[in-house]
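S.K.: What follows is a single structure, and I will ask about it in a moment.
Since every read-out is calculated from the coordinates, none of them should be taken as a lab result. Keep in mind that what you see is a predicted model, and the values were worked out from it rather than measured. As a convention, Cβ positions derive from the backbone with ideal geometry for all residues, glycine included, and neighbour counts pool all protein chains shown.
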Amino acid sequence: MRQTGLSARRTAHHLLMQIIDEGRLMSELVGSGALASLGPEDRARAQRLATEALRGLDRADRMLKPYIKKTPPTHVMNALRLGVIELCSGAAAHGVVNAYVEIVARNKRTQAMKGLTNAVLRKIADEGPEGWAKRALPLTPGWLRQPLVAAWGREAVTGIEVAHFAGAPLDLTARTDPVALADAVGGTVLPTGSVRLADHGQVSALPGYETGDWWVQDAAAALPVKLLGDVTGLRVLDLCAAPGGKTLQLAAGGAQVTAVDMSARRMARVQENLQRTGLQAKTVISDAFEYDEGGYDAVLLDAPCSATGTIRRHPDLPYAKDGSEFGALIAQQETMIDHALTLLKPGGRLVFCTCSLLPDEGEVQVEDALERHPHLQADRSALDIPGVDPAWITDEGGLRLRPDYWPDLGGMDGFYMSVLRHNAA
Ligand SMILES: C[S@@+](CC[C@H](N)C(=O)[O-])C[C@H]1O[C@@H](n2cnc3c(N)ncnc32)[C@H](O)[C@@H]1O
């Protein structure tokens, strides 16, 4: 086996350890240089391996179970999991087994388990892709599965798990013409106007990247701005704006946009995106609660949330998190809605949205806001837009999107959104 293969595997193992044992997110790890010592090929390989292991983790554990009497330390378990993923996708057994035996042997506390690692992975190699295919769909960890089942029912959660296991295609939003973009990149136009690519290489190598003809944005994430209809000339505040997908949509639609985000690092990405696309928006680095310039025609509040709607692309989330932070996020969303309402002119509209699958971060927030503010109304007519299935419309007047929707088109992120009209008190 080439040494480069070992580096990628060791890094994939390190990523799994950090995510599962330390509760770090893959994005944080990548952002803080976890892949920096690798060349581009190994970097991509390490990240792909760790991502596939997280996506299939429950199935890998079930495959390992018959061969393990007592669960070994996480260091060994993660080496075995990565071994299962590789062996079950058809990689040559010899190189894979040697690499993971070496990873286990290099750690003083686990070196005595290299024999076990070798024996278990050889048995997994005998089962190979056929053994993998006959195991059941990987289940979401219980801390998240339970509230999802309570919200959507078992059948829907199975559909969501199918979508999580399949991963996400690449969706692009066109600056101007989705049909021309689909032609240029070899994609298809989705019913809601996003352009989808099932297979793609490096994103920045796609036609139109340099000239800013499009930006990456899941089809579900592209809908909140569409709920505002024609925004030409409107003053719109994009609160919690970074990395800026919705800012770009608003600017491309002709709005006068102010984009606010508290993260300077993430705001730099908004600025890069504006520069690449040649679109205009005012950017303000500020805590949303400290931003008090009002009188906007519309405020788009894409509130910080559990991000449980994005697990197709971030399978680390259910392993890095345990739900303990979500109560604080839910409380913050409520106060952010109240603050956002103070920034609207009378008759203005608030689009509240979250990339969450939890009703407490969507339907319940809007029900509660409507109770707290008797002059507020959910604008149901805003939901009547091309490609939106009326079955997605909720009782309180929002849109619930889930990864199990559009199963034949490749799914979508989980999202919630509602347009609230602020009538004069
Ligand atoms: C869901 S992301 C926004 C995604 C963005 N709207 C887009 O479409 O690209 C949430 C953002 O909220 C920002 N944020 C979190 N708490 C904030 C606060 N108190 N004030 C301002 N921004 C905040 C985070 O930095 C993060 O960029």
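S.K.: May I ask for the Kirkwood hydrodynamic radius of the chain, worked out over all distinct Cα pairs and given in angstroms to one decimal?
M.R.: 23.0 Å
S.K.: In nanometres, what is the gap between the two model label sites at Leu137 and Thr211, each 7 Å from Cα along Cα-to-Cβ?
M.R.: For the pair Leu137/Thr211, the computed spacing is 4.2 nm.
S.K.: Please report the antiparallel percentage of the DSSP beta bridges confined to the chain, to the nearest 5.
M.R.: Working: 22 of 41 bridges.
Approximately 55 percent, going by the DSSP bridge assignments.
S.K.: Quick one: grab Rg to one decimal and Dmax as a whole number for the range 46-175, Cα atoms only, in Å.
M.R.: 16.7, 58
S.K.: What does the charge count near Thr310 come to, summing +1 for each Lys or Arg and -1 for each Asp or Glu among other residues with Cβ under 11 Å from its Cβ?
M.R.: Value of the local net charge: -1.
S.K.: May I have the extent of the alpha carbons of the range 218-422 along their three principal axes, as whole Å values ordered from largest to smallest?
M.R.: On the principal axes, the range 218-422 reaches 39, 37, 35 Å in Cα extent.
S.K.: For the range 83-152, take the alpha-carbon Rg, divide it by the Kirkwood Rh, and send me Rg/Rh. Mind dumping the intermediate values first?
M.R.: On the way: Rg = 16.1 Å, Rh = 13.9 Å.
Using only Cα positions, Rg/Rh for the range 83-152 is 1.16.
S.K.: To make sure I understand, if each residue's beta carbon is the centre and we count other beta carbons within 10 Å, what order do Cys305, Cys240 fall in, fewest to most? Kindly include the intermediate steps, with their values, before the conclusion.
M.R.: Details: Cys305 26, Cys240 22.
If I rank by nearby Cβ atoms, fewest first, I get Cys240, Cys305.
S.K.: What's the local net charge at Met26, with K and R +1, D and E -1, over the other residues with C-beta under 11 Å away?
M.R.: Details: positive: Arg24, Arg313; negative: Glu28, Asp316.
It works out to a net charge of 0.
S.K.: Past the 25 angstrom mark, what percentage of all C-alpha to C-alpha distances in the range 120-242 do you count? Walk me through the intermediate numbers first.
M.R.: Numbers: 3820 of 7503 pairs.
Summing the P(r) tail past 25 Å for the range 120-242 gives 51 percent.
S.K.: Given only helices, namely DSSP H runs of n ≥ 4 each adding -39500 (n - 2.57), what is the per-residue ellipticity at 222 nm of the chain, to the nearest 500 deg cm²/dmol?
M.R.: Computed mean residue ellipticity for the chain: -13500 deg cm²/dmol.
S.K.: Expressed as a rounded percentage, what relative contact order does the range 94-138 have, with Cα pairs under 8 Å and six or more residues apart?
M.R.: Numbers: 20 pairs, mean separation 13.7, N = 45.
Relative contact order, the range 94-138: 30 percent.
S.K.: To continue, here is another question. Quick check: Cα centre of the range 105-130 to Cα centre of the range 171-224, how many Å?
M.R.: The range 105-130 and the range 171-224 have Cα centres spaced 43 Å from each other.
S.K.: How long, wide and thick is the range 311-408, going by the Cα atoms along their three principal axes, in whole angstroms, largest first?
M.R.: Computed over the Cα atoms, the extents are 43, 34, 20 Å.
S.K.: From the residues Thr51, Gly131, Tyr209, which one has its Cα farthest along the dipole of the chain in the positive direction, the dipole being from +1 and -1 charges on Cβ of Lys/Arg and Asp/Glu about the Cα centre?
M.R.: Gly131
S.K.: Further question: Considering all projection directions equally, how large on average is the shadow of the alpha-carbon convex hull of the range 203-340, in square nanometres? Before the final figure, lay out the partial values.
M.R.: Working: hull surface 36.1 nm².
Orientation-averaged projected area of the Cα hull: 9.0 nm².
S.K.: Relative to the longest principal axis of the chain, what angle (0 to 90°, nearest 10) does the C-alpha long axis of helix 264-277 take?
M.R.: 70 degrees
S.K.: Provide Arg372, Arg10, Arg266 in ascending order of the number of other Cβ atoms located within 10 Å of each residue's Cβ, fewest first.
M.R.: Arg372, Arg266, Arg10
S.K.: Restrict the search to the range 61-90; then list the trypsin sites (Lys or Arg not before Pro) that DSSP places in a loop and that have at most 14 other Cβ atoms within 10 Å of their Cβ. It would help to have the intermediate numbers written out before the result.
M.R.: Working: sites: Arg62, Lys69, Lys70, Arg81; in loops: Lys69, Lys70.
Hits after loop and neighbour filter: Lys69, Lys70.
S.K.: Tell me the net charge near Trp214. Cut-off is 14 Å between Cβ atoms, Trp214 excluded, with +1 for each Lys or Arg and -1 for each Asp or Glu. If you can, show how the numbers build up before the last one.
M.R.: Values: positive: Arg175, Arg196, Arg276; negative: Asp171, Asp177, Asp183, Glu210, Asp213, Asp218.
Overall, the nearby charge balance is -3.
S.K.: Whole angstrom only: what separates the Cα centroid of the range 1-56 from the Cα centroid of the range 137-153?
M.R.: 27 Å
S.K.: Given contacts defined as C-alpha pairs under 8 Å and at least six residues apart, what's the relative contact order of the range 354-425, whole-number percent? Walk me through the numbers on the way to the answer.
M.R.: On the way: 100 pairs, mean separation 28.1, N = 72.
With pairs under 8 Å counted, the relative contact order is 39 percent.
S.K.: Then there is this: Could you tell me which GluC sites (Glu not before Pro) in the range 222-314 are loop residues by DSSP with no more than 15 other beta carbons within 10 angstrom of their beta carbon? Don't skip to the end; give the middle numbers.
M.R.: Working: sites: Glu272, Glu290, Glu293; in loops: Glu293.
Taking the range 222-314 and a limit of 15 other Cβ atoms within 10 Å, the loop GluC sites (Glu not before Pro) found are Glu293.
S.K.: Can you list the GluC sites (Glu not before Pro) in the range 321-402 that are in a DSSP coil and have 15 or fewer other beta carbons within 10 angstrom? Each step should come with its number before you reach the end.
M.R.: Details: sites: Glu325, Glu334, Glu361, Glu363, Glu367, Glu371, Glu396; in loops: Glu325, Glu396.
Those that pass, being in a loop and sparsely packed, are Glu325.
S.K.: State log₁₀ I(q)/I(0) for the range 15-78 at q = 0.13, 0.17, 0.18, 0.28 Å⁻¹ as given by the Debye formula over alpha-carbon point scatterers of equal weight, solvent excluded.
M.R.: One equal scatterer on each Cα of the range 15-78 leads to -0.41, -0.66, -0.73, -1.26.
S.K.: Further question: Compute the distance from the alpha-carbon center of the range 276-307 to that of the range 229-261, in whole Å.
M.R.: Here the answer is 8 Å between Cα centres.
S.K.: Here is a follow-up. Take Arg9, Arg145, Arg48, Arg55 and order them by how many other Cβ atoms sit within 10 Å, fewest up front.
M.R.: Exposure proxy ranking, most exposed first: Arg48, Arg145, Arg55, Arg9.
S.K.: Here's something else I'd like to know. So for the chain, averaging the separation of alpha carbon pairs under 8 Å that are six or more residues apart and normalising by length, what relative contact order in percent results? If you can, show how the numbers build up before the last one.
M.R.: On the way: 755 pairs, mean separation 60.4, N = 425.
Relative contact order comes out at 14 percent.
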